2 protein chains.
Amino acid sequence: RLWTQFSPHSQGFRPFFKALIQSCLMFAANAWCQMAQKFTGGIGSKLCAFLYGDGQRPAGTVVKEETASMESNLACNCNKTPCACQNVQINFSLLHAIDLLPADSGEGVTFAFLEQLMDILLQYILKSFDRSTKVIDFHYPNDLLEGFNWELDEQPNTLEDILMSCRTTLKYAVKTGHPRYFNQLSTGLDMVGLAADWLTSTANTNMFTYEIAPVFVLLEYITLKKMRAMIGWPGGCGDGIFSPGGAISNMYAMLIARYKLFPEVKEKGMAAIPKLIAFTSEHSHFSIKKSAAALGIGMDGVVLIKCDVRGRIIPSDLERRILEVRQKGFVPFYVSATAGTTVYGAFDPLVAIADICKKYNIWMHVDAAWGGGLLMSRKHRWKLNGVERACSVTWNPHKMMGVPLQCSALLVREEGLLQSCNQMNACYLFQTDKQYDLSYDTGDKALQCGRHVDIFKLWLMWRAKGTMGFEAQIDKCLDLAEYLYNKIKDREGFEMVFDGKPQHTNVCFWYVPPSVRYIQDKEERRNLLMKVAPQIKTRMMAFGTTMVSYQPQGDKVNFFRMVISNPAATQEDIDFLIEEIERLGHDL
Amino acid sequence: RLWTQFSPHSQGFRPFFKALIQSCLMFAANAWCQMAQKFTGGIGSKLCAFLYGDGQRPAGTVVKEETASMESNLACNCNKTPCACQNVQINFSLLHAIDLLPADSGEGVTFAFLEQLMDILLQYILKSFDRSTKVIDFHYPNDLLEGFNWELDEQPNTLEDILMSCRTTLKYAVKTGHPRYFNQLSTGLDMVGLAADWLTSTANTNMFTYEIAPVFVLLEYITLKKMRAMIGWPGGCGDGIFSPGGAISNMYAMLIARYKLFPEVKEKGMAAIPKLIAFTSEHSHFSIKKSAAALGIGMDGVVLIKCDVRGRIIPSDLERRILEVRQKGFVPFYVSATAGTTVYGAFDPLVAIADICKKYNIWMHVDAAWGGGLLMSRKHRWKLNGVERACSVTWNPHKMMGVPLQCSALLVREEGLLQSCNQMNACYLFQTDKQYDLSYDTGDKALQCGRHVDIFKLWLMWRAKGTMGFEAQIDKCLDLAEYLYNKIKDREGFEMVFDGKPQHTNVCFWYVPPSVRYIQDKEERRNLLMKVAPQIKTRMMAFGTTMVSYQPQGDKVNFFRMVISNPAATQEDIDFLIEEIERLGHDL
């Protein structure tokens, strides 16, 4: 290349010299790119692109495109196999897992493999934030099952196959970080949270003892204390644990509430104690009933309290039902108030509930899995007024705070209760003659034995954003929900499921297509309307442009439940959603 | 640099030209390295090292060392702040989380940040496999708490602080992948598993519906089927779920066993059904009792069956206790056999237990959390003979198979039971009018609502290793355990806790220092011996050279429990452990 690029038109020493230097530079950079390609695969490609600018890559450097086909992924383009090109990459089609660390001299292959993987992940991240990409490339289960070879065999596959499997998996994944993904309460892809989760995977340890997770155990201690302080418990005192999701956190709460009232239940079971009754709203999460079923209380031990039109518990109904239960000789032991219901985003009136719980000596739990994030916002935290009077609180940072899944905390006001309720004193794990302060061994508080490290991503995000960063992010999402509400409340074809500004980011509405809009017969209209949201959703998935959830609730037929927890979403995305629903549903 | 490197000793055109070209190359490579440093931070450093070879980096490129101090981490070495050097890196001390994606034009900063993080992780991985590094840099909780600023503030911290926090966290982490880390049943750091976990974090989704986790849901389906086939259930039929750890898997099993016998318990609770009794060995995992306590059965509903000297259930004692319970009018409903006990690694005689369970119509569960991996080995799977007759099996791939934490499966022979036991039909999640086959929505089978994606790392590792790869890895660990056993069984100062070759990789022994070795008085010897293992462990942690667990069991005072599940371990590491115990304990 050096010689062919030598300029024949140069006159005199200076131009000759200049051309020569340019050629040298080009040659060296070219050589480097080839080497970088060899060593780092895709990251090398990006660096080459950076070095040369777009479209100026030297021949011989290959920029690989993401592809989900199973075709060969050789880095050189000489089309000879095997090739002897200078710029041949580490050939993953000849390598296997056994060539990676801890293999002797496995560092090079390992680094190249992980950097290749990293390149795939970075591409996915870029696409996740790119509004021109699909949220989902939807295929029916059988098509996806049959379209690829997913089987697990006797023989190993090559690292090339492994990298290809990663590409394929991500190609058909739902981009939950996409600014137009509104399907669940957990959306978004936080870069610091992601970095923290990668580190967590790399540290690959377990929360049960300080001995094997010293930093993570301390960070959990610090973060739980901070969360309790934000709830409003004096000095952040109390206890808590991170659990595998809000449903399990709620189950923990019911478990310790029962134990607090009847500690003999641990030894003797439910048969030894009176019939217990829990109370929660008819809009509450199903995990309350599921917990009662699992804990041997039974689903009929859960009384559902009536809600107002906005989905908030009616305190007088709660008190009435408590009295009823007492008259029957049963023991009201537990009220689970909800701060942010799943569908309406409603906040139960916590102060009134706290008064009732105090009056009747009942454990007050607040399921703030979804609404807990609002405690970070000076503008919105009043919606949880009274939460400081709760005995326990479920708060899922993986929802409104955008922490990667899973990250759910149970906070408990009384210290020591989790431990005495759950401890089994297994001496093979929790030796009492260790050299350090055993109060940092958390394993005996947990229902689990091993416990995944869920704390680091929350701690690192909090550190990176500060409380004010979470506040800004949450306020923005609530502003967007209000923006959506204002845009559709009087818009033709849209009907709100309930009136008034949203309490949380949930905005519930029907889209009523022209064919249904003017039907007078209520029953007929209802039957038609019921089918609209599922049909729009099906089309939405097929186009892959956006995703939003729908469901019926009580006597209300299928409606859309819009939720906004993704800081990447903007007013334009809200506008897009509205127009997309109209586009997809107009002809129904 | 070009001119200063020009050789004054060159004579004639060719040497001059050669030197010139060399200088050009040097200059270009140097320029590239500066650019790479700017763009990719640490990865750039590695590439530069690759380009120049060690010790030949040009001045001006900075290879950063891992450091846990909070000092500034600027990339250039001009010592001016702010500097205007050509080779200044992206300066993370001026950047915050808000500058990362989804910020406008945030790609560059995001990539640089993640690659910097990646560099930190790669360094950690290298050190994890490096026997010359410590397994742990141990500090007491208060020292670690006070030695750094871990607090969560109102204000954001810079990205530089975030990267430093990552370095600090890893500096004090326990290297669970280190070839000399033997402390838990889960050890090792599998590179494919790690890659898969990074991908899982990036995909950041939830297992409850096919809609939002299409590939992961299918891979769980395929993998569970494969695992059931390996258990020996015809055609791999049945059901199953991945849960957050073996304790929860065991709880699931007890839950569905109870439901199978008395489905009314779901609605009416334990008060409506007779007193239930579960049976398990005195060496079984504490989660059996913990489950009984949580499920409202009570700890006294668990009868512990006697074991032989090797820690295996004595079937005749099981049958005797079942008859006793029946005579009292209670209902024996559940036997939890253990395949691989936590301390001794014992395998209960499953065929005999299956016969008894069949005779008395009792649910047979096998807790193979630790021993399940042996199903992958043609040489060792006979130890689980009879497992195919179980109604349910707990199998933790995150233990013997080296899958990153958490990865635990519950397998159930009867299809549909998990669903009917746990379903709550929450229509806001599990809409019945979706367009695809709803049997792929797994959320209603689970105790949890959201469920972490634990499947991809297992699937990808299986794909990469093949069944034969897992087999080789497991056989190797068992060989090492036998090697250890043979080395110490007659070695002076070592005493085996029980005789005979280990069934699993657990090798249980006392180290008896010379001062205790010749004491005749049994009580005195016992009292002294009790303190030896904790003291050696304390020293071991202080030196950080290796980690192994100890505990008492029944009437046996503190002894070491060695387990080997890390494929990185070799005979040399076993030799090292033995000598290290002698070195640390000799003078006690």
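Values computed for the structure shown
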quantity: Ranked packing of B:380-392, A:228-240, most packed first, by mean Cβ within 10 Å; calculated: B:380-392, A:228-240
quantity: Hz values of 3J(HN,Hα) by residue in segment B:356-364 - Karplus curve (6.51, -1.76, 1.60), Gly and Pro given as x; calculated: 5, 4, 5, 4, 9, 6, 10, 5, 9
quantity: Test item: Cα-centred dipole of segment B:417-510, Lys/Arg +1 and Asp/Glu -1 on Cβ, debye; calculated: 220
quantity: Cα gyration tensor category, rounded, prolate or oblate, for segment B:489-529 with a/c compared to 1.5; calculated: prolate
quantity: For segment B:394-517, Kirkwood radius (reciprocal of mean inverse C-alpha pair distance, Å); calculated: 18.8
quantity: With all protein chains modelled, accessible area of A:SER316 [1.4 Å, Å²]; calculated: 80
quantity: For residues of A:430-436, the mean tally of beta carbons on other chains within 10 Å; calculated: 6
quantity: Full-extension gain in nm, A:CYS237 to A:GLU414, via 0.36 nm per residue minus C-alpha separation; calculated: 62.9 nm
quantity: ³J(HN,Hα), Karplus 6.51/-1.76/1.60, whole Hz, each residue of segment B:527-542, x for Gly, Pro; calculated: 5, 6, 4, 3, 8, 5, 4, x, 5, 5, 4, 4, 5, 4, 5, 5
quantity: Distance between segment A:315-334 and segment B:502-559 - C-alpha centres, whole angstrom; calculated: 56
quantity: Label geometry 7 Å along the beta-carbon vector: A:THR133 inter-copy distances in nm; calculated: 3.1
quantity: Protection proxy ranking of B:125-134, A:401-410 - average other beta-carbon atoms within 10 Å, highest first; calculated: A:401-410, B:125-134
quantity: Pairwise label distance in nanometres, B:ASP475 with A:LEU94, each label 7 Å out on the Cα-Cβ vector; calculated: 2.7
quantity: Overall Cα dimensions of segment A:279-396, principal axis frame, Å, largest first; calculated: 44, 28, 27
quantity: Spatially proximal lysines relative to B:LYS531 (Cα-Cα < 19 Å; intrachain offsets below 8 disregarded); calculated: A:LYS434, B:LYS522, B:LYS556
quantity: Qualifying trypsin sites (Lys or Arg not before Pro) in segment B:480-588, DSSP loop, other Cβ atoms within 10 Å at most 14; calculated: B:ARG491
quantity: Label point 7 Å beyond Cα along the C-beta direction, distances from A:ASP555 to other copies (nm, shortest first); calculated: 7.2
quantity: Dimensionless Rg ratio for segment A:167-311, taking C-alpha atoms and the 2.2 N^0.38 Å reference; calculated: 1.36
quantity: Sites matching GluC sites (Glu not before Pro) across segment B:136-194 that sit in DSSP coil, with at most 10 neighbouring C-beta atoms within 10 Å; calculated: B:GLU151, B:GLU154
quantity: Shape call, segment B:102-234: gyration tensor on alpha carbons, a/c limit 1.5; calculated: oblate
quantity: Residues in segment B:118-134 that, when all protein chains are in place, have 10 Å² or more less accessible area than the chain alone would give (probe 1.4 Å); calculated: B:MET118, B:LEU121, B:LEU122, B:TYR124, B:ILE125, B:LEU126, B:PHE129
quantity: Cα-based reach from B:LYS268 at 17 Å (exclusive), listing lysines while leaving out same-chain residues under 8 positions away; calculated: A:LYS275, A:LYS289, A:LYS290, A:LYS328, B:LYS260
quantity: Number of partner chain Cβ atoms within 10 Å, mean per residue of A:409-418; calculated: 0
quantity: Loop GluC sites (Glu not before Pro), segment B:478-559 (other Cβ atoms within 10 Å of the site Cβ: 12 or fewer; DSSP); calculated: B:GLU492
quantity: Distance from segment B:437-488 to segment B:208-269 (C-alpha centre basis), Å; calculated: 15
quantity: Debye log10 I(q)/I(0) for segment B:162-204, one point scatterer per Cα, at q = 0.28, 0.32, 0.34 Å⁻¹; calculated: -0.97, -0.96, -0.97
quantity: Three-way shape call for segment B:417-457 based on the alpha-carbon gyration tensor, with the a/c threshold at 1.5; calculated: oblate
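The values are calculated or read from the model by the stated rules, or taken from the named source; none is laboratory data. These numbers come from a predicted model, not from an experiment. Cβ coordinates were reconstructed from backbone atoms using ideal geometry, including for glycine residues, and neighbour counts include every protein chain displayed. For the accessible areas, the whole protein counts, side chains as well, though only heavy atoms, and no ligand, DNA or RNA atoms are used. Shrake-Rupley method; radii C 1.70, N 1.55, O 1.52, S 1.80 Å.
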